[in-house]
Structure formats: C-alpha cells, structure tokens
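What follows is a short report on a single structure.
Nothing in this text is a laboratory measurement; each read-out follows from the coordinates by a stated rule. Bear in mind the structure is a predicted one, so any value in this text is a computation, not a measurement. Here the Cβ is made from the backbone with ideal geometry for all residues, glycine too, and neighbour counts use every protein chain on show.
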C-alpha cells in the first residue's frame, strides 16, 4: 500500500510542485505583502495596516469599484440563472434537431474571452455596429453603448448572457437526472405542465441551481477581462470593477502592497458571501435523500 501511495504521489508531483510554486507560495506571500509598501523594483518595506487604512478611508475609487462589482453580481448572476434554467428547460424537450440546438447554445460559452470581446465591440459600435444598425431600421437612434453611462455597464451585463451555455449544460444534466416516475405520478394525479415544472422540476433542480449560484457569484466578484478589454473601466469609472482596479493598482502603479491588501479584502468578501449562501441553502435546496 505504501508503494502504491508513493507511486501515486510521484504521478501527481508535477501538479503538486506547480501548485506550491504558483498558488500556495504567492497566496501566503500576499499576506505579508499586504502589510508592506512594495513596488517590485525595491525590497518591501513594512508599513503595518497603512494599506488597509488607505483603502477604507482615503480611496473613494475602492468603494466605487466594490459597489460596481456588487451591482453587477446582483443583476448578472440572477439573470444568468433564470436564462440558463429557461434555456435548459426548452432544450430538455424531445423535438427534432434538439442535439443541434443544444450544441448551438453551448458553443458560445467556449469561445475565448478575447474573441467574444472583439465580436461584441463590433456589435455595440455606435456607427457600424449590428445593434445600432437594427435600431436604425426601426427608426431608433441607438446610444454609444460602451462609452456612455449607464449603457456601458448594462452592455457588459448583456454580454454576460453570451456565455450562459456553460451553466445551461449543467442545468440540462440536472434535468436528465430527475426520475421520470415523478412526472408519471404527477400526470396520473392530473398535474399540468406548469404544476409539474413548479412542484417537481424546479425543486429537484435546486442543488444544481445552488451550485451555479455559488460559482456565478464567485466569478462575478472576479470579473475582469471583459471590462479591461472593452471599456478599460470607463466611462467615468462606471465599469471599474474591483478586480480591474486591483490590476491597475498592481501593474499600472506598481503598488503591490496596496493591491495585495485589496486581494485579501476580496477574498474575505467572497468567503463571507459564500458562507451566507451555504447558511441559507438548507431552506430552499432539496436533495433526494
């Protein structure tokens, strides 16, 4: 048994080494760096809790970026959940060509982020974009989607629905796991399609909904690439998400100590919200057991 365990550890040793060097060590080092003034070029200088004090009392952009991120999470995560569940319910129907539709709705979620941003930058271009072109046909002059408030923020929320296929495929797997016998019993009792959906499908799907809700919330608080590529935080910081501001402090201003403090505050916020979700899940998540 010891020999088998040793061989197992040898097989996973490349991953263990990579995890230690690129995840565990930086994770621990960031705790120390959050209490220092560090610009990469010169050695870190211990300053105590100064970075945290500056964040909470001297940096209005910290609070604005946090508010923008929370607002995004409160809108995009529930919206993505509802849209994902609705699409999964439709794709769960046994109709002709359903495999094609499932593939078509899933494919956008695996398109690289940079390519997705390029597509939406063209679609939302105020002069030559598809969105404003369609609005002109209807006699409506469209806005400058990515360069005016509040359109830039809501454009990113609209864009988040592009990748809903990733969660949709998980919902679809959850739907396939619901026992057919429950529906058969409900039909015998005279339940219509709406009653079966509300009283069987959705309750049995709540473990999958809960999983996607937790993962979606975590991802929302780390939202970065789309805002960085498409708006750079503008206009007027309306799309300066927390992770984007953290990146700017770290790599634009080389204020690594300050950025490390921001990273730890983000970690604590995500952990707190995740714990709240787990505290509430027993009241609405239904398991087979």
Sorted by mean Cβ packing within 10 Å, highest first, what order do the peptides 12-21, 255-264 take? 255-264, 12-21
Reduced Cα scattering model of the chain, Debye log10 I(q)/I(0), q = 0.09, 0.15 Å⁻¹: -0.62, -1.24
Nearest 10 degrees is fine. How inclined is helix 256-284 to the longest principal axis of the chain, computing both from alpha carbons? 30
Under the rule rounded for a/c under 1.5, else prolate if a/b exceeds b/c, else oblate, using alpha carbon gyration tensor axes a ≥ b ≥ c, segment 31-77 is classed as prolate
I need to check one value: relative contact order of the chain, counting alpha carbon pairs closer than 8 Å and at least 6 residues apart, in percent. 28
Using Stokes-Einstein with the Kirkwood hydrodynamic radius over Cα pairs, what translational diffusion coefficient do you get for segment 113-252 at 25 °C and a viscosity of 0.890 mPa s, in µm²/s rounded to a whole number? 136
Place the peptides 23-35, 154-166 in order of packing, highest mean first, counting for every residue the other Cβ atoms within 10 Å and averaging per peptide. 154-166, 23-35
With a Förster radius of 30 Å, plug the Cβ-Cβ distance of residue 224 and residue 50 into 1/(1 + (r/R0)^6) and report the FRET value to the nearest 0.05. 0.70
Give the Debye-formula value of log10 I(q)/I(0) at each listed q (0.14, 0.17, 0.19, 0.22 Å⁻¹), with one equal scatterer per alpha carbon of segment 12-132, two decimals each. -1.05, -1.11, -1.14, -1.21
Mind pulling the angle between the C-alpha long axis of helix 2-19 and the longest principal axis of the chain? Nearest 10 degrees, somewhere in 0 to 90. 70
Tell me the label-point distance for the pair residue 9, residue 114, using the 7 Å Cα-to-Cβ offset, in nm and rounded to one decimal. 4.0
Can you give the angle from 0 to 90° between the axis of helix 202-221 and the longest principal axis of the chain, with both taken from C-alpha atoms, to the nearest 10? 20
Pairwise label distance in nanometres, residue 154 with residue 16, each label 7 Å out on the Cα-Cβ vector: 5.4
Residue with peak Gaussian network fluctuation, the chain [Cα springs, cutoff 10 Å], from 135, 107, 277: 135
Residue with peak Gaussian network fluctuation, the chain [Cα springs, cutoff 10 Å], from 149, 184, 236: 184
